[in-house]
Amino acid sequence: MSRWQLRQSVGRAILLWRHFAIAQMQTYVMKSLYFIQLLSERITRSWSKRHVHFLCLFAVGVVLSMAITACGNASASNDIKLRLVSFSVTKAAHDQIIPKFIQKWKKEHNQNVTFETNYGGSGAQAAAVIGGLQEADIVHLALPLDVNKIQQAGLIKSNWENRAPRNGIVSRSVAAIVTREGNPKGINTWADLAKDGVKVIAADPKTSGIAIWQFLAFWGSVTQAGGDDATALDYVTKVYKNAPFLTKDAREASDLFFQRNEGDVLVNYENEVILAETNGLKLPYVVPPVNISIDNPVVVVDKNVDKHKTREVAQAFVDYLYSTEAQREFGKLRYRPVNPTVTQEVASQYPQIETLFTAQDLGGWDIIQKKFFGDGALFDQVKAKSKA
């Protein structure tokens, strides 16, 4: 093989490289080709043509192999998948927020992000994450109690509340009472839910976040208005006697009430009620002036993001949920925003609450879990009495 033929072979290799290689590898490979060419010119003087021909083919093969491998690795590193597990009624908000984040991340980092999302009852979602059925990078759940359970399972580091703005609370609502057209049962207050002949649609606290908030709203409507625990227990027992069965989550409760026309009254998130109204299912509702702050946390699942190597983008998405842009999307769906700027923008759209109590006013989540929702605790007692 002549020197001219050798140079032609190397030239073809360079052309193929330009078709396959990525920009960050090009300089390195071009230097490698130059070295191969220089080496080949030197050994041409002493080696046989057969040996030189073999060397050229070997060099071309190595260059192409490197290019293909580099392109494959670059393609893989330029895409990243996030797994988001959330409670059922957040889907409409995330459907609007996620594309905005994907576009923002692509612009700033030139990296494609895809999301694998899963929605369901908050308690069931927490159990799925703990059991490994859902390897969530991020959880956005209905209540901090469910995040605490994931932390206790060793998947989330302690003090998660301190690693995000607003103690990890990213969306907020209050409880609303929805009735049938014309309100034939005359239901206007919490006390009216305990009337004889009222059929209440409620969810199960064992699987649903809204159900826990419902129970705490019922209980607090008595204790935060001056009543004692005995009075609250009597009232709550009467309410659950009026609930013939319990749904697995808030979405199922809404569908049962709105789509299948079951029940006389539904207690649900204020934002969920308003969303149903915008979809043409307008029914009368009241937001009681004594109400509970329904606080929904979001957190990175430490063990899973370390396994998936997604911590940076997962944390960026959590941070983005607090941004003015994302909080406005929550506001459009009538969540009560936690971003102060957006809170001021939408304050006039919500009924005023006279007494807004929190989980801390009821003792905090450790006490709440032990007192109300542990095995054999007050909810189990209430449920047993309601079936008697």
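What do you reckon, how do Thr90, Thr341 stack up by accessible area (1.4 Å probe), largest on top?
The most accessible residue leads, giving Thr341, Thr90.
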Worksheet item: For Trp365, what is the net charge nearby, where nearby means another residue's Cβ is under 15 Å from its Cβ and Lys, Arg count +1, Asp, Glu -1?
Response: -2
Practice prompt. Can you send over the carbon and sulfur percentage of the accessible area for segment 255-388, probe radius 1.4 Å, protein chains only?
Written response: 48
Fill in: Euclidean distance between Cα centres, segment 233-293 to segment 161-177, Å
21
Fill in: Estimated distance in nm for a label pair at Asn118 and Gln259, the labels positioned 7 Å out from Cα along Cα-to-Cβ
2.1
Practice prompt. Name the long-range amide H neighbours of Ser171: under 5 Å, sequence gap of 5 or more, or other chain; modelled H, no Pro or chain starts.
Written response: Asn296
Fill in: 28 Å Cα-Cα reach of Lys383 towards lysines, excluding residues that sit fewer than 8 places from it in its own chain
Lys149, Lys185, Lys195, Lys199, Lys206, Lys238, Lys241, Lys248, Lys370, Lys371
Discussion item. Given points 7 Å out from each Cα along the Cα-Cβ axis, report the Gln111 to Asp228 separation in nanometres with one decimal.
Written reply: 5.9
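Ordering Asp295, Asp375 by how much accessible area each has at a 1.4 Å probe, largest first, what is the list? Write out the running numbers ahead of the final one.
On the way: Asp295 25, Asp375 155 Å².
Listed by decreasing accessible area, they come as Asp375, Asp295.
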Worksheet item: Which value in nm describes the separation of the simple spin-label points at Arg163 and Phe245, placed 7 Å from the Cα toward the beta carbon?
Response: 4.1
Discussion item. Taking amide H atoms as placed 1.01 Å from N in the peptide plane, list the residues 5 or more away in sequence, or in a different chain, whose amide H sits under 5 Å from that of Arg83.
Written reply: Glu116, Asp137, Ile138
Worksheet item: When the Cα centres of segment 319-388 and segment 132-146 are compared, how far apart do they sit, in Å?
Response: 17
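With Cβ to Cβ distances under 14 Å as the rule, what net charge do the other residues near Lys248 carry (K, R +1; D, E -1)? Before the final figure, lay out the partial values.
Values: positive: Lys206, Arg251; negative: Asp204, Asp249, Glu252, Asp255.
In short, -2.
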Worksheet, complete the sentence: If each K or R counts +1 and each D or E counts -1, the residues other than Lys195 whose Cβ falls under 9 Å of its Cβ total 0
Worksheet item: Applying 1/(1 + (r/R0)^6) with R0 = 35 Å to the Cβ-Cβ distance of Lys370 and Ala191, what FRET efficiency is obtained, to the nearest 0.05?
Response: 0.80
Worksheet item: Which of Gly280, Ala230, Asn268 sits closest to the plus end of the dipole of segment 214-310, meaning its Cα is farthest towards the positive end, when Lys and Arg get +1 and Asp and Glu get -1 on the C-beta?
Response: Gly280
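Charges at C-beta only: +1 for Lys and Arg, -1 for Asp and Glu. How large is the resulting dipole of segment 275-376 about its Cα centre, in Debye rounded to 20?
Working: 11 positive and 13 negative charges, 47 e Å.
Taking the Cα centre of segment 275-376 as origin, the dipole is about 220 debye.
The values are calculated or read from the model by the stated rules, or taken from the named source; none is laboratory data. The structure displayed is predicted, hence computed values, not measured ones. Virtual Cβ from ideal backbone geometry, glycine too; neighbours counted across all protein chains shown. The area values use the complete protein model at the heavy-atom level, side chains included, leaving out ligands, DNA and RNA. Shrake-Rupley method; radii C 1.70, N 1.55, O 1.52, S 1.80 Å.
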